[in-house]
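Structure first, commentary second.
The values are calculated or read from the model by the stated rules, or taken from the named source; none is laboratory data. This is a predicted model, so every value here is computed, not measured. When we count neighbours, we look across all protein chains shown, and the Cβ atoms used for this are built from the backbone with ideal geometry, even at glycine. Areas reflect the complete protein model, heavy atoms only, side chains present, ligands, DNA and RNA absent. Shrake-Rupley method; radii C 1.70, N 1.55, O 1.52, S 1.80 Å.
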Amino acid sequence: MPENDASTKRAYQSTEQRQSATIEAVVQLSAEQDPSALTTAMIAEKVGLSQGALFKHFPTKSQLWESVACWVSGQLSRRVFSVAEQYPQADKALEAMFMAHVRFIAQNPGVPRLMLGELQKSGNGPAKQIIRRTLAKYRQKVVALLELGVEQGSVALGIDTQAAAVLYLGAIQGLVVQGMVSGELHEVEPMAVRVYRLFSGRLLRMTDD
């Protein structure tokens, strides 16, 4: 490889690594405090960069938040949505997704703060649009799995799949809120098992009504 090409590749990798480290810093700091209160100075210090160096990678705070939202969306797709593809049975796929989501939140407690913070902002900035699209995709995926479950016989015939999807996502959100209130998001997984058992038990009991 020519020296200039190698130098360009190293510079690209360095930029990519610093961008990744900055996004990770935002997620970590958001676990400790209100994301809206984060300043570029705080983020730069966390990464070990000057503010000037930070702005070379993210010219505006809005662009940084957009990149963070893209990271969250990508992580949900890779670590939560994709889990469903491993199970041909819809009920098993729904359970696996539920637990994978809770596990992801337990490992990244700053994520729900970031998502809620973006949704509460006025206007419709790029980061907010990304979060909205991601949540809409999530809801559609749950509805599709519920409908598949009806076809497979593991979910009650005639169930309101739209309402059931709201309950499914609401159960996860409820666990997150309770974890944030107690300050122990890392301990929500055991409760998630019990909560999902109630959710799925209701769906299955309705088949015998």
Task: Where Gln140 falls short, out of the listed (1) under 18 Å from the mean Cα position of the chain (by Cα); (2) modelled with pLDDT under 90 - done: (2)
- [ ] Considering each of Gly201, Gly149, Gly174 in turn, give the residue that is in a helix (DSSP H, G or I), among the small types (Gly, Ala, Ser), under 17 Å from the mean Cα position of the chain (by Cα) and over 17 Å from Val80 (Cα atoms).
- [x] Gly174
Open item on the list: Tally up the residues in the stretch 54-101 that are β-branched (Val, Ile, Thr), over 19 Å from Gln173 (Cβ atoms) and surrounded by 20 or more Cβ atoms within 10 Å (Cβ to Cβ), please.
Closed with: 1
Open item on the list: Contact list please: Cβ distance under 7 Å, first residue in the stretch 70-83 and closer than 23 Å to Phe58 by Cβ and in contact (Cβ under 8 Å) with a residue 12 or more places away in the chain, second residue assigned to a helix (DSSP H, G or I) and of a type in the set (Val, Ile, Thr), pairs at least six apart or on different chains.
Closed with: Cys70/Ile130; Trp71/Ile23; Val72/Val111; Ser73/Ile130; Ser73/Thr134; Leu76/Thr134
TODO: With respect to Ser122, determine if the residue is surrounded by 13 or more Cβ atoms within 10 Å (Cβ to Cβ) and assigned to a loop (DSSP other than H, G, I, E, B).
DONE: no
Task: helices (runs of 4 or more DSSP H) within the stretch 1-68 that include 3 or more residues modelled with pLDDT under 85 and over 30 Å from Gly183 (Cβ atoms) - done: 3-30
Open item on the list: Which numbered condition in (1) at pLDDT below 90; (2) open to solvent by less than 20 Å² (accessible area, probe 1.4 Å) is the only one that Gly183 fails?
Closed with: (2)
- [ ] Considering each of Gly117, Gly170 in turn, give the residue that is within 29 Å of Ser67 (Cβ to Cβ), of a type outside the set (Asp, Glu), open to solvent by less than 40 Å² (accessible area, probe 1.4 Å) and free of Cβ contacts under 8 Å to residues at least 12 places away in the same chain.
- [x] Gly170
TODO: Return the only residue of Gly117, Gly149, Gly158 being within 21 Å of Gln33 (Cβ to Cβ) and out of contact with any strand residue (DSSP E or B) (no Cβ under 7 Å at 6 or more places or on another chain).
DONE: Gly117
